[in-house]
Each structure stands twice: as C-alpha cells, then as structure tokens.
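In what follows, a single structure is set out as structure tokens and then discussed.
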Amino acid sequence: MDRGLLAMAGVPQAAPFEAEAGLAGEGLSDADIMLQVKAGDDSAFEYLVQKYRRPMVNFMFRMAHNNAAAEDLAQEVFLRVYRSRESYEASAKFTTWLYRIATNLAVNHARDTRHERPENTVSLDEPDQESGHTLDLPDRTPSAEDAIVRRERVAAIRQRVQALPERQRIAVVMHKYQQMEYRQIADVLKLSESATKSLLFRAYETLREQLKEFV
C-alpha cells in the first residue's frame, strides 16, 4: 500500500508495528478494532490495513488480472473503509463487510474495463502463492508436450473462468483462493448458504465440463 497516496487522500498513518502488537495483544476481534477506528483510533485503522492489504491485493488481482489495477483497487477498498468508519456497525463479521466493498469495486471495474485487454493475465490453474491450491485439474500429458499443453490449458481455464456468470466467478475466487467458507461467501453475496453451495457447484461443474479435454 502506498502510504503517500493514503496520506494525500486524508487517511492517517500510524506506527505500524506498535499498533499491531498492541491490538493483537488485547485479543480484540476485527469488528472491535473497526469500532475503535470509528471512535477515532487511527492506529487501529493502520492495523487493519496491514492485516488485510495482501489478501485484498490478491483478491483484486484474481478479479482484474492486472498488477497495477489490483494495487489501485485494494487501496480504494481501504479508502472506502476509512471514509465509511462513522457509519460502521458491527452487525456482521468485519471481513464480510470488507469483501462486500471489495466485490462491488471489482465488479464495477470489470464492467468499466470489459473492452480493454488485460495487461497481465493469470489463470486459476496457477497455484496461489500463499495457499498452493489450484483448481485440481491434473496434467498427465507426457513431459515432451508439457510446455505447449500447459500454455493451452492456462489460456483455456482463464477464458472459461472469466466467462462464468459474475456471481459464480466471484464465488470461485473467494472459495478457491481467498479460502473463504461457504457461510462467509454467502454473507458477502447476500445469499443463503445452500444457494452459495449450489452456485459453486454449478461453477465447478461448468469448468470441469468445458475443460475436460485438459483433465
């Protein structure tokens, strides 16, 4: 996160390591910490930025497929969190509220840039740097053809995932790469848990059917 840009936007900067140690030591939930932000504790906001900056950038990169856009969108998420601090209510998990903001931004960005070609693309077939998880589509092709087949498969998976209905695509990214549980995805998307499971089931079935030649 570019601290200079946050400062220019009127977001305060606190001493990061002191804030993190103090708040973590108090055993407060993220919602409690956000309530401290609401009460005017800027070090509490810095703690949340540090804690969720990397997950937000990762999420936005999976949604936007562009490094610069991912950084900008993640920064905008935290700006909106800060600007909304006075109206925050701890009626749901902090991460549910956070990902609702992030999801709305990602969807709007996708709609605004749908005719633009991504600068950098990434496939859900690529293992996540933190979790190591993939879409579990094993490659049994002889090693002599690995390079060609992998390029084709990467391109195919990216295209198929991008072509999923909007909610299915968001749910797949949250489930597979953000490691979010069904209940939390349901809360973010404002669906029932059963509806979320059905949404993901349809998404994965669609991907497996469309990508069966690569399995």
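Projected label points at ARG151 and GLU205, each 7 Å from Cα along the beta carbon direction, are separated by 3.5 nanometres.
Within the same chain, lysines fewer than 8 places from LYS176 are excluded, and of the rest, those with a Cα less than 16 Å from its Cα are LYS197.
FYI, it's all coordinate maths here, none of it is from the lab. This is a predicted model, so every value here is computed, not measured. A quick note on method: Cβ atoms are made from the backbone with ideal geometry, for glycine too, and the neighbour counts reach across all protein chains shown.
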